[in-house]
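The values are calculated or read from the model by the stated rules, or taken from the named source; none is laboratory data. Treat the numbers as computed from the prediction; the structure is a model and nothing was measured. Cβ atoms come from the backbone with ideal geometry, glycine included; neighbour counts cover every protein chain shown.
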Amino acid sequence: MTKKRRALVLLDRLVHLVGLPLAVAAFQARAVALAARSGDAFALQAASQPSDVRALLRFAEGRRNVVELGTATGWTTASLALADPQRTVTSYDPVVQPGRARYAELIRPQARARMTFVDETGEAGAAQWSGPAVDLLFIDSTHTREDTLGEFRAWRPHLAPGARVVFHDFGNPAFPGVAEAVEELGLPGEVDGGSYVARPR
């Protein structure tokens, strides 16, 4: 990513932080600035856009036990934790991005203590889960049909009554596997922005 392109991405992200909770917006601004300073092009390109974070926080309102599949930079993990002081977030990803710990250091220890990073796939995480029932499952991992199906099916027994499952990048032409998996699962729900929000019965 060229210096000019990095500056444009930085500006675009900062402009679109409006509407996020103050603690989340402040973290996102610091994370974007750190990514720009350190030349972390992956973070600037791959981290969820502010509009997606805003929508996810809306879906997560009132939901205290969250599991995220696909950690990447950890920006979304941190945003979920910062948005609700009673929320715990467990995030699974077998691939550890080099800057993840650096971004986690940007938030206060109290919020960081409610975030758990597990270097495993979503399916492996479900097999080992011994925590309370999950009331929000956010699937944003490989985006393949097979993995998306496998992850949802593995976590379904751990979902609380009334839980929501958010499939990110639904309808994104770069990731057709997400929509294919959702169609095969036949879950009731709705499209909201770039996600499919399911309410399994």
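Here is a check on your reading of the model: is V182 in a helix (DSSP H, G or I), of a type in the set (A, V, I, L, M) and buried (at least 16 other Cβ atoms within 10 Å of the Cβ)?
So V182 passes the test.
Does P200 count as modelled with pLDDT under 95, of a type outside the set (V, I, T) and closer than 19 Å to G62 by Cα?
Yes.
Being out of contact with any helix residue (DSSP H, G or I) (no Cβ under 9 Å at 6 or more places or on another chain) and either closer than 17 Å to L136 by Cβ or touching a residue at least 24 places away in the same chain (Cβ under 8 Å) (or both) is the filter; apply it to segment 185-201 and report the residue that is surrounded by the most Cβ atoms within 10 Å (Cβ to Cβ).
Among those residues, the one meeting the criterion is R199.
Can you pull out the strands (runs of 3 or more DSSP E) entirely within segment 84-140 that have at least 2 residues that are among the polar types (S, T, N, Q)?
So the answer is 88-92.
Checking the condition polar (S, T, N, Q), modelled with pLDDT of 95 or more and either closer than 18 Å to H168 by Cα or surrounded by 20 or more Cβ atoms within 10 Å (Cβ to Cβ) (or both), which residue from T116, T144 passes?
Answer to the check: T144.
Conditions: (1) of a type in the set (S, T, N, Q); (2) buried (at least 21 other Cβ atoms within 10 Å of the Cβ); (3) modelled with pLDDT under 90. Q28 meets all but one. Number of the miss?
For Q28, the failing item is (3).
With of a type outside the set (S, T, N, Q), more than 22 Å from A55 (Cα to Cα) and touching a residue at least 60 places away in the same chain (Cβ under 8 Å) as the only criterion, which of G125, G131 stands out?
Unique residue meeting the criteria: G131.
Got at least one residue in segment 60-70 being under 25 Å from F152 (Cα atoms), β-branched (V, I, T) and either crowded, with 19+ Cβ neighbours inside 10 Å or at pLDDT 95 or above (or both)?
yes
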